[in-house]
Every structure is written in structure tokens, then in C-alpha cells.
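Following: one structure in C-alpha cells, then a few remarks.
The values are calculated or read from the model by the stated rules, or taken from the named source; none is laboratory data. Fair warning: this is a prediction, and the values are worked out from it, not measured in the lab. Here the Cβ is made from the backbone with ideal geometry for all residues, glycine too, and neighbour counts use every protein chain on show. These accessible areas exclude ligands, DNA and RNA; they are computed on the full protein's heavy atoms, side chains included. Shrake-Rupley method; radii C 1.70, N 1.55, O 1.52, S 1.80 Å.
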Amino acid sequence: MERVLGNQVLVQLIPRLYDVEAGQVKVAGHDVKDYDLDSLRKQVAMVLQTNVLFSGTIKENMRWGNKQATDEEIIEACKVAQADEFIQEFKDGYDTKIERGGANVSGGQRQRLCIARALLMNPKILILDDSTSAVDTKTDSLIRQGLASSLRDTTKIIIGQRISSIQDADRIVVMDDGRIDAIGTHDDLVANNAIYRDVYKMQTQGKRSSRCRIRKKANWGSLARLLRFLWQDYKLSLSIAFVLIVVASLATVNLTASIQSLVDVYVQPMLKSGSHDFGPLLHFLTSVAVFCFIGVIANYVSSLLMATISQDSLRSLRNQLFARMQKLPVRYFDTHQHGDIMSIYTNDIDALRQAVEQSIPQLLQTAITLIGVTVTMLTVSPLLFIVVLVMVGIMFMVIKNVSAKSGRYFGEQQKNLGIENGFIEEMMSGQKVIKAFVHEEESMADFDKINEQLFESSYLANRYANVLMPILGNLGNVSFVLTALVGGLFALNGVGGLTIGGLMAFLQLNRSFNGPITQVSQQLNFVLMALAGADRIFDLLDEPEEVDQGKVTLVNYELVDGQMVVTDKKTNLWAWKHPRPNGEYELVELVGNVVFQDVDFSYDGKKQILHDVNLYADKGQKVAFVGATGAGKTTITNLINLILRYPILV
């Protein structure tokens, strides 16, 4: 019986949910690290403490254990797990819909369904992690009898809190503070081991010894990477969109610049001469209108293209995120809140959508417009452009200072949003516990603290972002007034050849120049928010995958002249295929013996959970782990399946 972490850890070493830090765990005489992960885990069935069922029918849930399972096989497995009786009472029987998380069945029913699902794998090693805790003792006894008769050659490793669940095991392992305290039969341990005897007396006589105790347990590089990601799959579409954005921008500049020609070439001469020939003027206006129409069409098509690119690329990005998530070790999910991970798929992806679909194209269009307007203004009046340039310099200084601050707080906002989502998800999952322990006020106080952090970062980010546009708008007005005053003096005195038409065009160009700069500040906020999200997205994509260096695979074999031969037929005869350096291979019959050899383990590299664990389980034996919740029982089996990355021999 274990009193701290240890027994659950130990069994999770078998399927390599975790890896040992020292020593080895062996299956069939070989280190579990030598085996291909999929092959190993298909032969190690686990029924975890947390019983997880999925949306769908009971049959669909059962076929998670065996996709090809027949209805008869499903019923037989459920009979062994003592689930058939209550299933038959449902109106739709085995076609009964299971709600998300198994919310429409009881805890005991969930446990029995999960046991049946594991039995359908027909495993060589079956790990039951306190998996009958929610059933009554009679049902527990019937399940144990069924397992004994139906899985005679299967190695059974059981973690249990109740002595009655494990007392018929061939050997019982008593763990204490991460170490094996004793190994023996029920009778031996009751007679000779104080820890086991204390637990036994507590459960049978209602007494608890003092010996037993339970312990509770804005990066711009991301923009470059995002652009590379888009360019990789959408070169043609992006190129077309770029050309269309250039056309739309030039059409805007041409419309503004045409004012000078309209006044100086057509309107003023007609007024002076008194001519009523509107032909040239109409021809000029028609050409300007055509160019404007082309610009409108180009802007519309480029917007459609960017919307298509953004939605398609983000779909691809979500697929990549989910695919990467399937390859991450369990340790990642142990150290990251699920709500925080969910916020990457929702908030951060949506921020990227806004940036890709609107902000980045508008920034590009603004840049092209500014270049075109600059060239035109220099052509109209280089001297007057100096006034504009001074004001632009002031504007960019403001943008730089304010954006640096808002960018930092946008990053904190996204981070705090993920934290709050994670907290809410955790509280929703634990509502029954919260109510049972009358913890509502404490939960609200904790939420207030987290929500306050989100408020502070959001307030600061948006405060700087929101003051930027009014400041730039006023600076733009100052620039316009100064340009009008200086330009008026130049036009009246003929300085630099500036005409009335040129001044009118220049003033409009000044508006076209200051307006995009203000738009830059607005779109820059969205880009900064998107980059904060992109950091988190790429961080997840860059997380290291599970390391699978095993070369031993599981194969079907048949006997030919008394020799094992690999076959593609479904013979239900299985062997480990061990490759040799000379290109040949050795076949070793699949059996379920497990060896833990000098195993040490810790979750964080600091606190040792398992200490110098040495034990074995031979083919067909039942080995039980007992101990308090959090003692490490489940972790041992995780190490076998390599879900935790730490050496074992299966």
C-alpha cells in the first residue's frame, strides 16, 4: 500500500506514458524503448482513473478498442465487464447515444464500459487503474471472476484502493514514498507488512493507523514566418493579389493627382477663353473614371482572394496544430491548461485571420499608396513636400513609441486570455467538487484575480492603441493647415512653379498621405495582436514530438515446418520482429511478461516519484498495485507505453 506518489507512476511506465530516468522496464525480455510505440501500446490496454467516453453510440465507443469487433464480441466483452445488463435496460440498447464525456451514464457504468472497451483489444497486458472504485463490491467480484476466466494468458496489473479488489492477485506490491516496501500474497502481507495490515484493518474494521497518510497532490520574427507559411502554398494567389493591390493603390493616387490637370489644363483655360467645347474635358474625365473603375474591381478581387487565402491557410494551420498536438508527449498536457490550449485554436487563430484577411493587405496597399503619393508630391512641388515630410517624421515617432507599448501589452493580453480560458475550463469540469466542498466564494475570488490581470493588460494595450488615432488625426490636420498656408504663399508668389491647380492637387495628396498613416496605426494594432497569437501558435508547432527510436515491430506469424514465419494473414499469432545489423531479423513470440529494473522517475526532474523499483510480472500473472490516490500507480503503466518519456523491459 503506497502513501505518497509511486504506484500509479509505476504502472504508467509499462506502456511508456512516461520513461524512466534510470534503470529499465522490460517486456518480453527487451527494453520497452526498443519497441515501436504503436505496436507496444496496441498490446497494452489501460483503463485509467479518469473514465473517458466519447460522443456516439455504445457500440461506437466499444470499437475504440477494436475497429473490426463484431456485435457478438462487443456483447461478450460487456458481459465480462458486467455492463451488458444495464445496457440492455436502455431503450436503444447498444445503439444508445453516449453524451460528451459519458454524462448520461453513472460513474460505475462508465467504468464498466471502459473495461469492456479495453477487453476488446485482446491485450497481452491489461492495466486497471483503480477502475472499479465506483462499483459495488458484488459487481467488483463478478468483474474479477470474468477477467480471470476470459484472460487467462493476459498479464493483469491492477491499482486498487480496496483490498477486496486485489487480494486474489498472485503478488501484491506495497509501495511507500516511491519505493517498494514489500511484495507478497494477501495473507503474507497481512501477517508481515505493517502498511498493508493498517490499510486492511482500516477497510475491514473501520480503523485508521497513524502510519497511513495521504498527500494531495510580439515577435516580428513570427510575421516573417507567417509570410513564409503563406507564400509556400499560395504563391500564385498572393502574386495576383499583390498586383491587384498595386493597381488599386495607383488608381487612388491617379485620381488625386488628376486634380492638377483638371484645373490647370482644362478648367482654367476654358474659363479664360470662354470656350464651350467640353469634348476634351469629357474625354479626360472618362479616362479618369475608367482608371477608377479598374481600381475598384482590382480592390474587390484582391479582397476576395485574400479572404480565400486566409480561410484556407488557417484551416491548414489548424490541421497542423491538431496533428502536432497528437504527437506531443503527455508531459505537455500535464503542464499546460487545456483552456489555454483551446484559446490558441480560437482567439489566436481568429487574430491571425483578421491580420491575413484585412490588416496585412491594407498595410501593403497603404505602403504602395504612400510611395505613389510621395512621388507625385515631389513632382508637383519638392519644396512644399519638405513641410509634409517634417510632419510625417513626427507622426512616425509617435507611432513607434505608442506601438512599442501597446504591442507588449497585446502579448500579455493574449497570454492572460489563455489563462482565464484555462481557469474557466477547469472550474466547469470541477463544478461538482466545488459545490460539494462549498468552495464557490474562493473560486470567485480566484477568478476575480485572473480577470483583473486580463483587464489590466487589455486596458493598457487598448489605451495606447486608442489614443494613437486621435493624435495622428490631429497631426494630420496640422499638416494640412501648414501645407495650405505655405502652399498659398508659394502659389501667389510663383515659388517653384506651383500653380493653383498644383496646390489643390497637393492638398488632396496631403490628405491621401496622412490618411494612410492613420490607417497604418489602426491596422498595426491588429497586426500586433495577431503576432502575439502567432507566437503562441508557432510555440505549439515547435514543441518537440514524442521520440520514437524503437525498431522492434509487432507482426502476424504462422508456423511453417515448426518455424515462425512472418505473414500478412490474420492468424492471431503475434511476434516481435527484432531487426539485426546484418539485415536479418529475429521473431520472438509475443508474451506479456514485464520487468522493472532499477527504475527511478520524477515528473519535473526534481521531486523523485519512483525510487529504485525492481519487480516483474510473468505471463498470465495478476500483479496488483495498491496505494492512496496520487501514489504513482498509473505512472508506472505510462512508462511502459512511453507516454511519459523516461528507460523499462515488456
Do any helices (runs of 4 or more DSSP H) lying entirely in region 92-185 carry at least 3 residues that are under 22 Å from residue 62 (Cβ atoms), and which ones are they?
107-119, 137-150
Residue within region 331-340 that is out of contact with any Lys or Arg (no Cβ under 8 Å at 6 or more places or on another chain), farther than 20 Å from residue 527 by Cβ and either among the aliphatic types (A, V, I, L, M) or at pLDDT 80 or above (or both) present:
no
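Just one of 56, 107 is on the phi > 0 side of the Ramachandran plot, surrounded by fewer than 19 Cβ atoms within 10 Å (Cβ to Cβ) and not polar (S, T, N, Q); which is it?
Working: 107 fails: on the phi > 0 side of the Ramachandran plot.
When all the criteria are applied, what remains is 56.
Inside region 63-104, can you point out the residues that are among the β-branched types (Val, Ile, Thr), farther than 20 Å from residue 46 by Cβ and in contact with a strand residue (DSSP E or B) (Cβ under 9 Å, 6 or more places away or on another chain)?
Kept after step one, since they are among the β-branched types (Val, Ile, Thr), are these residues of region 63-104: 70, 74-75, 80, 87, 96, 98.
Those left that are additionally farther than 20 Å from residue 46 by Cβ: 70, 75, 87, 96.
96 - this is the single residue of region 63-104 that is among the β-branched types (Val, Ile, Thr), farther than 20 Å from residue 46 by Cβ and in contact with a strand residue (DSSP E or B) (Cβ under 9 Å, 6 or more places away or on another chain).
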How do the pairs read when you match residues in region 8-33 that are assigned to a helix (DSSP H, G or I) with residues anywhere that are aromatic (Phe, Trp, Tyr), using Cβ under 6 Å and keeping only pairs 6 or more apart or on different chains?
9/601; 11/625
Can you name the residue in region 237-279 that is open to solvent by 60 Å² or more (accessible area, probe 1.4 Å) and within 17 Å of residue 513 (Cβ to Cβ) and, of all such residues, is modelled with the highest pLDDT?
250
Return a yes/no flag: does region 522-545 have any residue that is among the small types (Gly, Ala, Ser) and at pLDDT below 75.
no
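Quick test for you: out of 553, 571, pick the one residue that is assigned to a strand (DSSP E or B) and not charged (D, E, K, R). Walk me through it before giving the result.
On the way: 571 fails: assigned to a strand (DSSP E or B).
Unique residue meeting the criteria: 553.
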So in region 221-236, with the set limited to residues that are of a type in the set (Phe, Trp, Tyr) and in a helix (DSSP H, G or I), which one is surrounded by the most Cβ atoms within 10 Å (Cβ to Cβ)?
229
Looking at region 406-442, which of the residues that are β-branched (Val, Ile, Thr) and loosely packed, with under 11 Cβ neighbours inside 10 Å is modelled with the highest pLDDT?
438
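Considering each of 322, 291, 284 in turn, give the residue that is surrounded by fewer than 18 Cβ atoms within 10 Å (Cβ to Cβ), out of contact with any His (no Cβ under 9 Å at 6 or more places or on another chain) and either closer than 24 Å to residue 227 by Cβ or at pLDDT below 80 (or both).
Working: 291 fails: either closer than 24 Å to residue 227 by Cβ or at pLDDT below 80 (or both); 284 fails: either closer than 24 Å to residue 227 by Cβ or at pLDDT below 80 (or both).
None of the other options fit; the residue is 322.
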Considering region 136-159, residues that are more than 21 Å from residue 124 (Cβ to Cβ) and open to solvent by less than 60 Å² (accessible area, probe 1.4 Å), and then whichever is farthest from the chain's Cα centre (by Cα), we arrive at 141
